[in-house]
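The values are calculated or read from the model by the stated rules, or taken from the named source; none is laboratory data. Just so you know, these numbers come straight off a predicted model, no measurement behind them. When we count neighbours, we look across all protein chains shown, and the Cβ atoms used for this are built from the backbone with ideal geometry, even at glycine. Surface areas here come from the heavy atoms of the whole protein model, side chains and all, with no ligands, DNA or RNA. Shrake-Rupley method; radii C 1.70, N 1.55, O 1.52, S 1.80 Å.
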2 protein chains.
Amino acid sequence: MSDSHFSISLHILTLLDHEKGQLLNSEYIAGSINCNPVLVRKELANLRKHGLVHSKEGKGGGSTLAKNPADINFGEVYKAVKQKSLFGESKNEPNPDCLVGKQISKHLSKLYDEAENALIKNLSTYTLADFSAKFD
Amino acid sequence: MSDSHFSISLHILTLLDHEKGQLLNSEYIAGSINCNPVLVRKELANLRKHGLVHSKEGKGGGSTLAKNPADINFGEVYKAVKQKSLFGESKNEPNPDCLVGKQISKHLSKLYDEAENALIKNLSTYTLADFSAKFD
DNA sequence: TTGTACTGTAATTAAAAATATTACAGTATG
DNA sequence: CATACTGTAATATTTTTAATTACAGTACAA
């Protein structure tokens with residue numbers, strides 16, 4: 001993060017929940033998000049890989065939820081979607097000849113991991129069902 | 001985030017703590033981080049604005065901590081450094097004609113705010129002094 | 001009082017990352 | 001067999017991030 005993967009995935013899941021039972025195609029979903037259908041299909045591929053959605057190919061195809069919305073919590077969605085560190089570390093290697101530079105990556109990673117766990121713990125208290133229920 | 005502002009700020013603060021008493025100039029700091037000195041000066045400008053460091057202009061100038069490292073917690077550093085949402089939201093406006101699209105930004109913002117608060121709460125348990133002590 | 005070594009900051013350029021677009025093979029449906 | 005999808009790769013565009021250049025302002029010290 002913070003690209004918009006998490007937001008897009010939550011948007012997709014919310015839509016699938018709201019139109020439950022139906023197969024929604026990538027163009028329809030992209031129309032709601034206002035983004036490119038290929039981006040949606042990529043995002044769906046990832047959600048599928050993590051067992052959150054199911055897709056059907058061919059004419060009349062599309063996607064649906066693969067689990068009960070009450071059983072999808074946002075901590076697991078976060079983990080499914082995440083593809084890089086929450087906090088970017090400087091893309092260049094810090095100076096190995098400097099006492100601080102030499103060790104900081106290791107210490108920052110540990111700090112970030114713990115902070116991220118706190119974040120995930122919080123996200124895990126929400127389910128898709130809770131979230132969906134807020135839309136009226 | 002997740003640009004590297006937070007990482008760079010923590011690196012700067014750690015260095016200033018480790019070489020306490022001295023004025024460190026932006027070139028020296030940049031050498032440890034392995035980035036451009038101007039980037040360091042911009043980051044210092046922000047830390048200064050938030051009362052975390054003090055800088056001295058002119059020959060022999062540089063920066064020092066403005067507070068005791070035990071009184072600098074990483075929650076406040078995070079808040080000082082943060083300049084955009086933890087999670088990017090799709091840069092296009094979602095479709096206002098869609099029930100989900102119309103309301104999702106509001107609901108996501110609330111969700112993200114609460115998750116971010118959990119993150120900050122965790123970060124607030126660490127001080128610069130604690131962190132610095134890990135370097136040997 | 002002048003040269004030197006810094007900061008502060010703006011403007012520009014370059015590099016990297018995110019997203020959109022195009023394209024098309026594969027698959028299910030009728 | 002025509003149609004309407006998915007899956008995915010390749011490319012192009014846009015946006016964001018970071019580096020670079022430039023220079024005025026400030027402090028020190030000879």
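Structure notes:
- The set of residues in the range B:81-118 being open to solvent by less than 10 Å² (accessible area, probe 1.4 Å) and either in contact (Cβ under 8 Å) with a residue 40 or more places away in the chain or among the polar types (S, T, N, Q) (or both) consists of B:V81, B:L86.
- Residue among B:E43, B:E57 that is more than 9 Å from chain A (Cβ to nearest Cβ), of a type outside the set (K, R) and closer than 25 Å to A:K106 by Cβ: B:E43
- Condition broken by A:K67, with the remaining ones in (1) open to solvent by 10 Å² or more (accessible area, probe 1.4 Å); (2) within 14 Å of chain B (Cβ to nearest Cβ); (3) assigned to a loop (DSSP other than H, G, I, E, B) satisfied: (2)
- Test for A:L39: is it near DNA strand C (Cβ under 10 Å from one of its atoms) and either modelled with pLDDT under 95 or among the hydrophobic types (A, V, I, L, M, F, W, C) (or both): yes
- Looking only at residues in the range A:1-21 that are within 14 Å of DNA strand C (Cβ to nearest atom) and more than 9 Å from chain B (Cβ to nearest Cβ), the one that is nearest to B:L86 (Cα to Cα) is A:S9.
- A:N122 falls short on exactly one of the conditions (1) at the interface with chain B (Cβ under 8 Å from one of its Cβ atoms); (2) within 22 Å of B:A30 (Cα to Cα); (3) of a type in the set (S, T, N, Q), and that condition is (2).
- Selection from the range A:13-42 of residues that are open to solvent by less than 10 Å² (accessible area, probe 1.4 Å), among the hydrophobic types (A, V, I, L, M, F, W, C) and more than 11 Å from DNA strand D (Cβ to nearest atom): A:L13, A:L15, A:L16, A:I33
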